[in-house]
Structures are given as C-alpha cells and as structure tokens.
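Take a look at the structure set out below.
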Amino acid sequence: MIISRRNMLKLGLVGGTGLAVLPGVPWQSLNRAYATARVASPPVKPFQVALPVLPVLQPVSRDSSTDYYHITQKAGQAHILPGLTTPIWGYNGIFPGPTIEAKSFRRVVIRQTNALPVPTTTHLHGGHTPPQSDGDPTDLVSPGSSKDYIYPNRQRASTLWYHDHRMDFTGPQVYKGLAGFYLLRDEIEESFPLPRGEHDIPLMITDRFFNADGSFFYPALDPSLSHTPGVLPQYGYGVFGDTILVNGAVQPFLQVSTTKYRFRILNASGARLYELALSSGQPFIQIGSDGGLLPAPVRRQTLLLASAERNDVIIDFSRCPVGSQIIMKNLHGRGRVADIMRFDVVRKEKDDYAIPATLTPIAPIDPAKATVTRSFEFLLGQGMWTINGKHFDPNYADARPRLNSTEIWEFTGDANHPIHIHDIMFQVLSRNGRRPAPGDAGWKDTFLLSKGERVRIIATFTDYRGPYVFHCHNLEHEDMGMMGRFVVE
Ligand code: C2O
Ligand code: CU
Ligand code: CU
C-alpha cells in the first residue's frame, strides 16, 4: 500500500491516533457538515461578471491523420474575486485550461510540458485511450519534462475533459486549476440542426474556498484541521467549497438571444453534487450525456450531476421576453451555493435551430453476452476510503477483463460515490434491481452511486490491452485510496 498516513495528514484526517472517523454518524448529518464548513471565503455578489468564453487551442501543426498541440502546465494568475488575484496552476497557465476541439477518428497528439514544481499526469476523462496515454496516476511527468499523449479518438462525438490525475494529489492539483474541455465532434452530430457556434457553450462548474487575499484555500496540511478523536473531521468526506465558479468566474451571467442554446454542462468539482434547475420553471432538454448524444431528447426539470458527469442540454429561450432573467439554481445547495449562474435574455433573434425527435441510436448491450460479473463495494474502512476492503495498490489488479469481452460490474456503497471507469463507455443496467435513473441514460463513464444502492453496469473492453484504473471521482476519496486497477488482457 502506497498512500496513507501522509495523505490522511494532508487532509487533516488523522491526529496522533490514526483513528480517522467517527463511526455511527449518519450520512445525512455529514451532508450538512459539508455545507457549513468553517472556512468562509470573502463574500461576492452573484451575477456581476460575464461568463468567460473559453479559448480554443490551435494546433501547432497538422498532417493527414493528426492534429498536434503543445500545452505547458504552469503557474498563472487569475482574477476571480473583485480586486484580488488568485494564483493558479493551469494548462498554459489558465483556468479552465484551453479547449481542445477534436474530430472522431482523427488523431490528436498533445505534448504536455510540466513547468510546475510537482509531478503531473494528464488524463483525458471519457477518452478511449491506449494505456500509455491514459494519464495513469503512477505515470508521472516530472517537473521540467514533457510527454506526448496520443488520442486516437476512435469514439463518437462527446463532451470530454482533461485533468490532472497524480496519485494521492488529484484533488489538490485539479483544485489549483488543472482541468479543461476536450470536445469531440463528428459528422453525424454536425448533420443535426442543433445550436452551434456561439450557441454551443461548454460550462465547467466548480466550487472553491478562497483566502482573504484571493488565493484558493485547500485544506491540505492545515494544522488546525488535524483530527481530534471523537470529532468529525471536516474534509475527509470531500472538499466542498463555498463559492461557485462557472468557467472560472463566480456565478456569472450570460447574455442570450431568443434562440435555443446548447450547453455542455460539466461538474468539475472535486466532491460537490449539484441538482440543477431553471428559475423560470422551464425544462432542460437533455440531448447528450458523458458519451455523446442520447437516442432521443429527454425533457428534464432537474439535472443531478455528480463529480465528472456531463449533461448536454438545450435551453430554449425563444419564448422568453427580452429583459427576462433566468437563474440556473442548485437545488442541492443553500445560501452561497444555491445559484450557479444567470441567463439574461437581451435581444431578439430568429431561432433557426431545431431539436430532432430522434438523435443517434444506442443499441443496448445484451446482458446475456456478459461472461463475467464482478462486485465492488465502496466503503469507508479503517478510516480510509476503500474498494472491496482495500486501498489503491497500483501493482495489484482488481480485475482482468479479456480484450473484446463483455462484463457486468456491480457496485454497492455506503455514501455518495461518483464511480468512474477509465477506458470504456458503459451502459447502466439497473439501480436496486429497477430501471436506471434519468441521469444514467446513454453511454456513461461516470455514475452516481448513492448510499445503500446497488448499481449494475455493462461494458465491452475493446481495442487496447493494458492497465487502467477505476475509482471514486470524489477526488478526496480517490486520493485517500478509493481506486482500483483493472488490466485488459
Ligand atoms: Cu476524471 Cu480517473 O478521472
Ligand atoms: Cu477517466
Ligand atoms: Cu467516494
């Protein structure tokens, strides 16, 4: 076992005794503990800044098969709170990182240069990527060196994202700013009359704590947070910041016209779960999830998004009067985290977009094709987050699926765990023996496992042999060992 006390100390989880959590505390009260963490960021008024438009990175070169990019991971300065500067770590020094625009079946090679003082590894979340380029938590790029990540993009159009994945330190390194969008497009999707161009907008939702000087506060190594036996540690369950950012700006506004818009909503928070709704009472029309378009659009009043999940939605402003203001709410949050952003309808425009009645078909994988069923229990054990009773051991394979085989994986757990599996896109078969939840629709790479649930997923392991990981995407749980390895053989 590699992680451990170092890491628990980092999170203020242990004091002298090594006893980390108080048994018998109901999870509901822990949810409240998240919301009332004692650190308070400087207050900021919502809806004061425009939603940042994320820059799209240009390739340094292209040839018949491949687009080549260079990214430098480095320190930078962001202006997030009024009048203050926030030191960040970012891809090309910005947070969120630059957006990569890729095409299905056209290769992308990204040369990542690490100009940070710590090792890094870059994972393309949702990518079906050879293991050498998967950004394995142990495949580190040391300060001053570079690595070429090769993405074949042999997968359908989807909203992917890239982020740091250093073992034991993913939470803090993503928190510092190491995350960006990777939009994979294809011709099928482009053939639909969906909103495009400036009406197709990625939204990266994160939560952060700030110190009075504007710097991010992450509870690592904060001696005041050392665990006292018998007292509930504050951050062992995840770091839940009190300030909501969208595309790196505090609760921004976006000026829209009276048309439909497509929003690719990503929960890039380390731990926080959102339930999104519109103050106007309008529905979201969901067209896609983690792995691209759904078979047909689905009207949803609320969207439940766990860490790393994506929902592609249309919001139709065509019948909203000019002058209306629509707040995207977070029904899971109160006070400072209850509002995400605001849409201000500011001008009339002819709406030429349409939402087709059917999108792209998804053939359900037949459970009879599965040759193996595996079970994974996500639990707090011995004061640390575990899978089947053990912490992450990079040298141990928890599963060895055969290349091209189909397997069913069954998950149970003791708390909210967003479960993410590298390499594959899967389908959710059932929750507690019943139908999957609305948020489980389509191809998925992450799903929310709630307390006491039993969720079954099915997937086929194609194209690449080698080691990958699966883990809880609550990044603090992941850093404390809630990660497993599988090796495709
Ligand atoms: Cu988004 Cu293994 O992570
Ligand atoms: Cu991933
Ligand atoms: Cu978890």
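Rank the residues 274, 464 as a footprinting-exposure proxy: fewest other Cβ atoms within 10 Å of their Cβ go first.
464, 274
Efficiency by 1/(1 + (r/R0)^6): what FRET value for residue 74 and residue 40, r their Cβ-Cβ distance, R0 = 35 Å, to the nearest 0.05?
0.70
Could you sort 206-215, 173-182 so that the peptide with the highest average Cβ count within 10 Å comes first and the rest follow in order?
173-182, 206-215
Hey, with R₀ at 41 Å, roughly what FRET efficiency would residue 138 and residue 405 work out to, going by the Cβ-Cβ distance, to 0.05?
After rounding to 0.05, the efficiency reads 0.95.
Counting helices only, and only those DSSP H runs with n ≥ 4, report the 222 nm mean residue ellipticity of the chain as the sum of -39,500 (n - 2.57) divided by its residues, in deg cm²/dmol to the nearest 500.
So the calculated ellipticity at 222 nm is -1500 deg cm²/dmol.
When 136, 352 are ordered from fewest to most other Cβ atoms inside 10 Å of their Cβ, what list results?
352, 136
Report, in listed order, any pair from 45/329; 260/329; 147/390; 176/390; 45/350; 176/444 with a Cα-Cα distance greater than 24 Å.
147/390; 176/390; 45/350; 176/444
Taking the Cα centroid of the stretch 423-439 and of the stretch 347-380, what is the distance between the two, rounded to the nearest whole Å?
Centre-to-centre (Cα) distance: 9 Å.
So for the chain, Kirkwood radius off the Cα pairs, Stokes-Einstein at 4 °C and 1.567 mPa s: how many µm² s⁻¹?
Taking Rh from Cα pairs, D becomes 57 µm²/s.
Based on alpha-carbon centroids, what's the gap between the stretch 254-269 and the stretch 96-113 in Å, whole number please?
22 Å
Evaluate the relative contact order of the stretch 183-339 (contact order divided by residue number), counting alpha-carbon pairs under 8 angstrom at least 6 apart; express in whole percent. Each step should come with its number before you reach the end.
Numbers: 288 pairs, mean separation 38.8, N = 157.
Taking the mean separation of contacting Cα pairs over the length of the stretch 183-339, I get 25 percent.
Using Cα-Cα distances under 8 Å and only pairs 6 or more residues apart, what relative contact order does the chain have, in percent?
On the way: 1353 pairs, mean separation 79.2, N = 489.
Averaging sequence separation for qualifying contacts and normalising by length gives 16 percent for the chain.
Only Cα pairs under 8 Å and at least 6 apart count here; give the relative contact order of the stretch 377-489 as a rounded whole percent.
Computed value for the stretch 377-489: 38 percent relative contact order.
Taking the Cα centre of the chain as origin, sum charge times position over the Cβ atoms of Lys and Arg (+1) and Asp and Glu (-1), and report the length of that vector in debye to the nearest 20. Each step should come with its number before you reach the end.
Numbers: 49 positive and 45 negative charges, 130 e Å.
In total the dipole reaches around 620 debye.
The numbers here are math on the coordinates, done by the rules we state, and not lab data. Small disclaimer: the values here were computed from a predicted structure and weren't measured. Note: ideal-geometry Cβ built from the backbone for every residue, glycine included; neighbour counts use all protein chains shown.
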